[in-house]
Every structure is written in C-alpha cells, then in structure tokens.
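Just below is one structure, and these are the notes that go with it.
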Amino acid sequence: MALTESNMLPLGMEAPDFALLDTVSGKEISLDELKSDKATVVMFTCNHCPYVLHINEELVALSKEYMAKGVSFVAISSNDVENYPQDSPEKMKALAAEVGYPFPYLYDATQVVAKAYDAACTPDFYVFDVDLKLRYRGRLCASRPNTDVPVTGEDLRAAIDALLAGEAVTEKQYPSAGCNIKWLK
C-alpha cells in the first residue's frame, strides 16, 4: 500500500457523467439518476484499503444523516480486481451489506470514471451542488489509521452543511490520503 494524496480538481468543474453497475442491486445506475437537488457526494473507495476501513463507520452514519436531508451519496470502486480480487463486485456487495452502506456501491471495471474524476486514492471525496458543479474535493476529516485523531467527518460535513445553507464552501480544502487506486496494467 502506497500512501497517496488525492488530486485537487478545479472547483466549479462539472461532474463527469457515468453509468456503472451497482453491485448491491445488480442494476446499472447513472449520475443523472443519483444526483440530488441539494448536493451529490461521489466517493472513490474500495473493500481492502485500511484508510477506508478506518472511516467506514462514520461514513455510514454521515451518509444516513445527510441522505435524510436530501443529499445523495454514491461510492465507486475502480480497482483492478484481477490483481486485487478482494475488490471484486461480489465482495463489494458483501461488504456493503456487512457495513450497512445506505448508498449504491458502483463498480468501475474500465477505470474510465476514476480517470474522468482524476481520482488517485481511496477514499477520495467530491461534493457537487444542485447544478453538478464541484464545490468540495478532498478528505473526510484529519483522522488516519493508527493515530489518536478521532474520525469525525468534519471536513465533508462542513462542505455539505454550507451547500445546504446556501453558503459558499470554503476554498481551504485538504486532499484526502489513502491507498492508491490499483490501476489496470
């Protein structure tokens, strides 16, 4: 596992469109079907990354809290499953059930979507407004595995709260850090 920071896409860019397999329902789901009239959170994640495992409990609680307020969430795994079989769609479905993901968990087999979002690591978060313009990109919070910093979700929460209040999201944003996306060879 190589610690990798997220790429900081330009704020204001439009969300790249996608239609991917939801490993939970078995159906293809598009961004257009997922987007919210409040805010849309797109997350790049995977099953095996210790940085993702470290935040999963807070991620579930945070997403349930904000989904009740009309915010939509979607997780996408883009890892090479031939070399990382623990990230296969079947295992994604099992993990989503085990952890209790309340959002779709999509599989990006070709990695086209990860490249369109310039995703670099897991976890990696993007928050889009009602017009699907990027307002936040980066980390959930400052917590990392093997630190005493609690997992609070404060950075992502602040961005979503600002959008829900009709306020500007702070431009002082920190990259996420985690395992690099496992690219196809």
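Membrane-span-like helices of the chain, defined as complete DSSP H segments with a Cα extent of 20 Å or more along the helix axis and a mean Kyte hydropathy of at least 1.6, are absent. Note that the range 107-123 has calculated 3J(HN,Hα) couplings of 10, 9, 4, 8, 6, 5, 5, 4, 5, 5, 8, 6, 5, 10, 9, 10, x Hz, one per residue in order, obtained from phi through the Karplus relation 6.51 cos²θ - 1.76 cosθ + 1.60 (θ = phi - 60°); glycine and proline are x. Within the shell defined by Cβ-Cβ distances under 14 Å, the residues around V71 carry a net charge of +2, with Lys and Arg each +1 and Asp and Glu each -1.
Taking the Cα centre of the chain as reference, the dipole from Cβ charges on Lys and Arg (+1) and Asp and Glu (-1) amounts to some 160 debye. Listed cross-link partners K91/K185; K35/K69; K115/K182; K64/K133; K115/K185 are compared with a 18 Å cut-off, the Cα-Cα value being larger for K91/K185; K64/K133. For the range 30-92, list log₁₀ I(q)/I(0) at each q in 0.16 Å⁻¹, using the Debye formula over Cα point scatterers of equal strength and ignoring solvent, two decimals each. At q = 0.16 Å⁻¹ the computed log10 ratios are -0.61.
Among the cysteines of the chain, those whose beta-carbon sits 4.7 Å or more from every other cysteine beta-carbon are C46, C121, C141. Ranking Y107, Y126, Y84 from most to least accessible surface, computed with a 1.4 Å probe over the protein chains only, gives Y84, Y107, Y126.
May I ask you to give the average projected area over all directions of the convex hull of the Cα atoms of the chain, in nm² rounded to one decimal?
Values: hull surface 37.9 nm².
Result: 9.5 nm².
Quarter the surface of the alpha carbon convex hull of the range 120-174 and you get the mean projected area, 4.2 square nanometres.
Computed as a quarter of the hull surface, the mean projected area of the alpha carbon convex hull for the range 56-109 stands at 3.6 nm².
Largest first, the extents of the alpha carbon coordinates of the range 1-57 on the three principal axes equal 33, 32, 19 Å.
The values are calculated or read from the model by the stated rules, or taken from the named source; none is laboratory data. Everything numeric here is computed off the predicted structure, so don't read it as measured data. Cβ sites come from the backbone with ideal geometry, for glycine too, and all protein chains shown count toward neighbours. Remember, those area values only see protein heavy atoms, side chains included, never the ligands or the DNA or RNA. Shrake-Rupley method; radii C 1.70, N 1.55, O 1.52, S 1.80 Å.
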